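Values quoted throughout were computed directly from the atomic coordinates according to the rules given, and no laboratory measurement underlies them. The shown structure was predicted, so the numbers you read here are calculated from the model rather than taken from an experiment. Here the Cβ positions follow ideal geometry from the backbone for every residue, glycine too, while neighbour counts run over all protein chains shown.
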Amino acid sequence: MTDLGLYLSRKSVNRSDVSRKTGISKTRLSELANNNKTKLRVDELYLIALAIDVNPCEVFNEVCKDLKLKEDN
């Protein structure tokens with residue numbers, strides 16, 4: 001499961017409702033939630049956040065929590 005999938009599970013999000021509200025297909029939402037190779041677009045992240053009534057920054061921080069800058073050598 002992806003970080004987005006884990007986040008949506010913790011929030012008990014109904015993916016059918018998110019799909020209906022955002023226009024993102026249930027298939028696409030499943031790919032975003034379950035496949036680590038699937039790239040989440042920023043417009044999708046924003047729409048998902050609006051649909052579940054949370055600040056988009058909260059979703060962004062959760063999804064990108066493992067990203068770090070390279071250390072200078």
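Can you compute the helix-only [θ] at 222 nm over the chain? Use -39500 (n - 2.57) per DSSP H run of at least 4 residues, normalise by all residues, nearest 500 deg cm²/dmol.
Working: 5 runs with 43 residues, N = 73.
Result for the chain, helices only: -16500 deg cm²/dmol.
Nearest 20 debye, what's the magnitude of the dipole of the chain about its Cα centre given +1 on Lys and Arg Cβ and -1 on Asp and Glu Cβ? Before the final figure, lay out each step's value.
Values: 13 positive and 11 negative charges, 68 e Å.
Charge dipole, the chain, about its Cα centre: 320 debye, nearest 20.
Neighbours of N14, meaning other residues whose beta-carbon lies under 12 angstrom from its beta-carbon, give a summed charge of +4 when Lys and Arg score +1 and Asp and Glu score -1.
Equivalent ellipsoid of the stretch 22-61: semi-axes from √(5λ) of the C-alpha gyration tensor, largest first, are 17, 12, 8 Å. Excluding same-chain neighbours fewer than eight residues apart, the lysines reachable from K68 by a Cα-Cα span under 19 Å are K37, K39. Contact order for the chain, expressed relative to its length and based on alpha carbon pairs under 8 Å spaced 6+ residues apart, stands at 36 percent.
The fraction of all Cα pairs in the chain landing in successive 5 Å bins from 0 to the largest distance is 3, 16, 29, 28, 12, 5, 3, 2, 1, 0, given as whole percents.
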